[in-house]
Amino acid sequence: AASLDRSPVDLELSADGRSLISVNQGTGSVSLVNLATQQVVDELSVGEKCTHIARLGTANSFLVSSPRTGQLIRVALNAGKLKQTGTIPIGGEPLGIAVTRDARRAYVAQSALDTIAVVDLQTNKIVQQIPVGRWPRQLALSRDGRKLAIATSGDLSISIVDTAQGKMLFQEDTGGIN
């Protein structure tokens with residue numbers, strides 16, 4: 001039998017580190033992989049071409065970006081099963097996601113708008129949009145949550161945002177596609 005082409009594009013560990021959740025573009029799903037048995041033990045359809053995943057703090061709750069639908073999809077892991085628990089409208093072809101340590105805010109790359117959406121995860125609303133370089137894709141939040149690094153592939157650069165001020169501090173040319 002032919003194997004299933006899931007084409008995983010991003011992954012995140014469960015809170016206990018015993019499982020990982022992968023985002024699969026080939027099947028429009030997220031898979032739960034038991035690391036001890038090295039087997040897919042559950043799979044949840046979340047829609048076409050989802051691209052990124054981030055865990056919400058220390059919980060077994062996750063956000064998955066869906067550029068095609070312009071949403072973040074909330075996914076929970078409970079008793080070895082994945083379940084969709086909601087959606088957050090974002091727009092602008094959301095890609096990379098970074099979540100604060102307290103899981104109160106998410107930063108989401110809006111690649112079609114050249115902005116970072118700041119999302120209040122209590123209200124599921126965008127509270128700010130921060131202009132950055134063209135085509136923001138990947139995000140990394142500093143441990144203290146004060147700085148956000150963004151790979152902006154349209155500008156071939158890295159942008160740095162001060163999260164307290166909600167503005168870009170600088171942009172550094174990397175001379176290649178990020």
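The values are calculated or read from the model by the stated rules, or taken from the named source; none is laboratory data. Since this is a predicted model, take the numbers as computed values, not measurements. Positions of Cβ are generated from backbone atoms using ideal geometry, with glycine treated the same way; all protein chains shown enter the neighbour counts. To get the accessible areas, we keep the full protein, side chains included, count just its heavy atoms, and leave off ligands, DNA and RNA. Shrake-Rupley method; radii C 1.70, N 1.55, O 1.52, S 1.80 Å.
Laid out as a table, the results:
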| read-out | value |
| --- | --- |
| Volume of the Cα convex hull of the range 10-61, divided per residue and given in Å³ | 68 |
| Loop trypsin sites (Lys or Arg not before Pro), the range 89-149, which have at most 10 other Cβ atoms in a 10 Å radius of their Cβ (DSSP) | Arg143 |
| Stokes-Einstein D for the range 95-177, Kirkwood Rh over Cα pairs, 10 °C, 1.306 mPa s (µm²/s) | 128 |
| Phi to ³J(HN,Hα) by Karplus 6.51 cos²θ - 1.76 cosθ + 1.60 over the range 121-136, Hz, x for Gly, Pro | 7, 7, 9, 6, 10, 6, 9, 6, 10, 10, x, 9, x, 5, 6, x |
| Convex hull volume per residue for the chain, taking Cα atoms only, in Å³ | 120 |
| Area accessible to solvent at Asp5, 1.4 Å probe radius, in Å² | 100 |
